[in-house]
1. Please return the ranges of strands (runs of 3 or more DSSP E) entirely within the range 36-135 where 2 or more residues are within 23 Å of VAL228 (Cβ to Cβ) and in contact (Cβ under 8 Å) with a residue 24 or more places away in the chain.
2. Taking GLN90 as the residue in question, decide whether it is closer than 24 Å to TYR17 by Cα, surrounded by 15 or more Cβ atoms within 10 Å (Cβ to Cβ) and over 17 Å from the mean Cα position of the chain (by Cα).
3. Starting from residues that are of a type in the set (Lys, Arg) and over 20 Å from THR261 (Cα atoms), keep the ones in the range 116-165 and report whichever is surrounded by the fewest Cβ atoms within 10 Å (Cβ to Cβ).
4. Among what's in the range 271-318 and is modelled with pLDDT of 95 or more and among the aromatic types (Phe, Trp, Tyr), pick the residue that is farthest from GLN81 (Cα to Cα).
5. Take the range 61-81 and flag every residue that is polar (S, T, N, Q) and open to solvent by 60 Å² or more (accessible area, probe 1.4 Å).
6. Would you say ILE224 is of a type outside the set (S, T, N, Q), crowded, with 16+ Cβ neighbours inside 10 Å and part of a helix (DSSP H, G or I)?
7. Could we say that GLN90 is modelled with pLDDT under 95 and closer than 21 Å to ILE158 by Cα here?
8. May I ask you to list the residues in the range 3-53 that are within 23 Å of the chain's Cα centre (by Cα), open to solvent by 50 Å² or more (accessible area, probe 1.4 Å) and at pLDDT 85 or above?
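The values are calculated or read from the model by the stated rules, or taken from the named source; none is laboratory data. Remember, it's a predicted structure, so these values are computed and weren't measured experimentally. Ideal geometry is used to build each Cβ from the backbone, glycine not excepted, and the neighbour counts take in all protein chains shown. Heads up: the accessible areas ignore ligands, DNA and RNA and are worked out on the full protein's heavy atoms, side chains in. Shrake-Rupley method; radii C 1.70, N 1.55, O 1.52, S 1.80 Å.
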Amino acid sequence: RPADILFQCSDNTWQAYNRWPDQFSLYDNGLTPDWTSLSGIDVSFDRPYGKYRQIYENPQSVGSGEFLCWEFPLAFWLEQQGYDVTYCSQSDMLSPERGKKCKVFISVGHDEYWDRRAHDAVAAMRDAGVNLLFLSGNTLCWVTPFGPSSDGRPNRVITRAAPYKGPTMGSEPVRDPFPYVGPDEGLLMGVRNICPVNGGGDWIVSKPDHWMFAGTGMKKGDRIRGLVGWEFHGMPAEIPGMEVVAEGKALNGGVRPVPWTATVYPGPKGNYVFNASTIFWAQGLSFPPGHMLPWSHTARPHGADERVQKITHNLLRR
């Protein structure tokens, strides 16, 4: 429905990591127990969600994918604060018509897998004046086209087809074979996926005079502990008006420093695009009853934080 905010559930990524009933995720070739990133592996939406098994054990994920892990704290907070919000699946976003009915589009949590048509639809929304908030990490990393089920129902299977951004994903080469490469995700999100993609650290302000920090009391160098992780973005794109608002280093395995960057840039019709550069942003907004905070790569978020709440209020009210 038309609403101020369109909240996109990252259900392509839920399904990519869903190993129900045992070893049948987008990372499994059906032959070996090791995780792999080969092309041509298909997974179907016509199955339940098994327990999430990537960085921490969360029994709440049985049947709910990654929604309760990474996304529910944002939904809880938006509705608690009285925002006018509606929700969509990623298969709803293969054209821009629905998104153009809203003022703000939100990508949340772990949003790794996108059909190319969804990328183009969100770009068209931006160009039409919709604001984009990437409150997520590892976003737009892999092109995963939708395909039909065996009985012909559309959009019931996704396939790993290509990386976004071409032959490199950050600083390390992407190995063949991939049949094609996707567009530069940085030209939409403002920043890109980088390698190594895993790590964690503090979210550190670098431009405290920006309007998004109004009322937070934050100064340059102030940090929100553990808010960056376990995947993030870096390498800002060369976009007119681009501003780096926060930046720092995430530690991979507790030792290997990896740069991350949070950005904002102006859209063509007075709108804007913000990238928080972390999967953990929603963890700083609320702590719903029964919620389990994640712990990864020697870093973790610490629950609701008034500064994260104020920044997000400023972004939405803008």
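1. It comes to 102-110.
2. On the way: closer than 24 Å to TYR17 by Cα: yes; surrounded by 15 or more Cβ atoms within 10 Å (Cβ to Cβ): yes; over 17 Å from the mean Cα position of the chain (by Cα): no.
Judged against the criteria, GLN90 is not a match.
3. First, pick out the residues of the range 116-165 that are of a type in the set (Lys, Arg): 116-117, 126, 153, 156, 160, 165.
When the remaining residues are screened for being over 20 Å from THR261 (Cα atoms), the result is 116-117, 126, 153, 156, 160.
Numbers: ARG116: 18, ARG117: 15, ARG126: 22, ARG153: 11, ARG156: 16, ARG160: 22.
So, considering only residues that are of a type in the set (Lys, Arg) and over 20 Å from THR261 (Cα atoms), the one surrounded by the fewest Cβ atoms within 10 Å (Cβ to Cβ) is ARG153.
4. So, considering only residues that are modelled with pLDDT of 95 or more and among the aromatic types (Phe, Trp, Tyr), the one farthest from GLN81 (Cα to Cα) is TYR272.
5. The first filter runs over the range 61-81 and keeps only residues polar (S, T, N, Q), leaving 61, 64, 80-81.
Residues satisfying the conditions are GLN80, GLN81.
6. Working: of a type outside the set (S, T, N, Q): yes; crowded, with 16+ Cβ neighbours inside 10 Å: yes; part of a helix (DSSP H, G or I): no.
So ILE224 does not fit the description; no.
7. Numbers: modelled with pLDDT under 95: no; closer than 21 Å to ILE158 by Cα: yes.
No, not satisfied.
8. ASP4, TRP20, PHE24, ASP42, PRO48, LYS51
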